[in-house]
1. Can you name the number of the only condition in (1) of a type outside the set (Ser, Thr, Tyr); (2) touching a Gly at 6+ places or on another chain (Cβ under 8 Å); (3) in a strand (DSSP E or B) that Val133 fails?
2. If the Cβ limit is 6 Å and pairs must be 6+ apart or interchain, which residue in segment 16-31 that is open to solvent by 90 Å² or more (accessible area, probe 1.4 Å) pairs with which residue that is part of a strand (DSSP E or B) and of a type outside the set (D, E, K, R)?
3. Which members of segment 48-95 meet the condition of being out of contact with any His (no Cβ under 9 Å at 6 or more places or on another chain) and polar (S, T, N, Q)?
4. Just to be sure I understand the filter: pairs with C-beta atoms under 6 Å, separated by 6 or more residues or on different chains, first member in segment 41-60 and assigned to a loop (DSSP other than H, G, I, E, B), second member open to solvent by 10 Å² or more (accessible area, probe 1.4 Å) and of a type in the set (Phe, Trp, Tyr). Which pairs pass?
5. Among the residues of segment 110-128, what is the count of those that are closer than 13 Å to Asp80 by Cβ and either open to solvent by 40 Å² or more (accessible area, probe 1.4 Å) or assigned to a strand (DSSP E or B) (or both)?
6. I'd like to know if segment 7-15 contains one or more residues that are outside any loop (DSSP other than H, G, I, E, B) and of a type in the set (Asp, Glu).
7. Please enumerate the residues belonging to segment 122-140 that are within 18 Å of Gly66 (Cα to Cα) and modelled with pLDDT of 95 or more.
Amino acid sequence: MKIYRDGDTFIAPKGSYFDGNVKICGNFIVPPRTHFWGQLAVDGMLELGPYSSVRSKVTCRSAVIGSNVNIGGPVNVEGDITVCDNAVLPLINAGGDVMIRPGVETGDVKSGGTIYIYGKVKSGKLLGKQVKVLRDPNME
């Protein structure tokens, strides 16, 4: 599958799939409904679009995981991570802050910073410097 490049940012075509492991040396923007059938390793920032999937583990410097994304392995992030609504991840390891939006299902969450929980989520243990549970603003 062809990947487009703009400086140190790489962009995958919408709706594409990647068979096997993928390593990106830079930032990676993944549009909606893109699928990886192996591991995904990104040296920079990862933006994983809605309804995408990764069958195995994900490693990156920082990440935004889109809504309704399904990841089959642990997510290891050096910095901050935001996990949007209804995503499914088995484990999150982050060196920075973790923001988890409503409907997310995850196993344990380990953070070197603060864990922010917005609304109702399903999770295992939450291990961070602080855990802040905030009300979902859409539930008023």
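The values are calculated or read from the model by the stated rules, or taken from the named source; none is laboratory data. Bear in mind that the values here come from a model prediction, so they are computed numbers and not experimental data. In this analysis, Cβ positions are derived from the backbone assuming ideal geometry, glycine residues included, and neighbour counts consider all displayed protein chains. Remember, those area values only see protein heavy atoms, side chains included, never the ligands or the DNA or RNA. Shrake-Rupley method; radii C 1.70, N 1.55, O 1.52, S 1.80 Å.
1. In the conditions (1) of a type outside the set (Ser, Thr, Tyr); (2) touching a Gly at 6+ places or on another chain (Cβ under 8 Å); (3) in a strand (DSSP E or B), Val133 misses (2) alone.
2. Here the result reads Tyr17/His35; Lys23/Ala41, each pair linking segment 16-31 to a residue that is part of a strand (DSSP E or B) and of a type outside the set (D, E, K, R).
3. Residues of segment 48-95 that are out of contact with any His (no Cβ under 9 Å at 6 or more places or on another chain), as a first pass: 48-51, 56-95.
Passing the criteria: Ser56, Thr59, Ser62, Ser67, Asn68, Asn70, Asn76, Thr82, Asn86, Asn93.
4. The qualifying pairs are Arg55/Trp37.
5. Going residue by residue through segment 110-128, those that are closer than 13 Å to Asp80 by Cβ are 111-116, 128.
Now restrict to residues that are either open to solvent by 40 Å² or more (accessible area, probe 1.4 Å) or assigned to a strand (DSSP E or B) (or both): 111, 114-116.
Qualifying residue count, segment 110-128: 4.
6. Our first condition is that a residue be outside any loop (DSSP other than H, G, I, E, B); within segment 7-15, this holds for 9-11.
From what is left, the residues that are of a type in the set (Asp, Glu) are none.
No, every residue in segment 7-15 fails to be outside any loop (DSSP other than H, G, I, E, B) and of a type in the set (Asp, Glu).
7. Lys122, Ser123
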